[in-house]
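The values are calculated or read from the model by the stated rules, or taken from the named source; none is laboratory data. Predicted, not measured: the structure shown is a model, and the values here were computed from it. Here the Cβ positions follow ideal geometry from the backbone for every residue, glycine too, while neighbour counts run over all protein chains shown.
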Amino acid sequence: MLSTTEAEHVAGVVGGKKICWLRNIMLELGYKVMGPSQLWMDNQSSMSVAKNPEHHGWMKHLDLWYYWLRDEVERGTIEPMYFQTDNMPADLLTKSLPKPKVEKLREIMGVVL
């Protein structure tokens with residue numbers, strides 16, 4: 001079973017790959033991509049793993065391709081950014097939530113009834 005940090009890191013790798021794919025599409029279309037793209041994460045431990053190779057000692061058993069994200073951060077392609085868990089709009093699509101939380105996240109997403 002994966003720890004929360006491991007699961008969030010794996011999700012970050014998937015998100016990071018999509019960011020790189022989109023950056024490549026933009027380049028193919030003739031747009032110059034300036035600076036790192038922001039990857040919003042709500043787990044500070046997984047952000048530490050992505051930013052600092054010293055924080056991965058207890059995750060050494062993961063396949064090497066999961067360390068791809070750390071390499072992209074070091075290259076300056078991706079910048080992990082912290083997104084407060086209470087304001088994570090994706091939770092609306094992935095969890096059962098009480099009505100006030102649903103309304104708050106719906107508002108953040110801009111979904112109007």
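What are the residue pairs meeting all of these: first residue in the range 14-43, first residue in contact (Cβ under 8 Å) with a residue 40 or more places away in the chain, second residue loosely packed, with under 12 Cβ neighbours inside 10 Å and among the β-branched types (Val, Ile, Thr), Cβ atoms under 6 Å, and 6 or more apart or on different chains?
Asp42/Thr85
Give the residue, chosen from Asp71, Asp86, that is modelled with pLDDT under 85, more than 13 Å from the chain's Cα centre (by Cα) and surrounded by 10 or more Cβ atoms within 10 Å (Cβ to Cβ).
Asp86
Pick from the range 1-50 the residues that are over 12 Å from the mean Cα position of the chain (by Cα) and among the basic types (Lys, Arg): which of them is modelled with the highest pLDDT?
Ranking the candidates gives Arg23 first.
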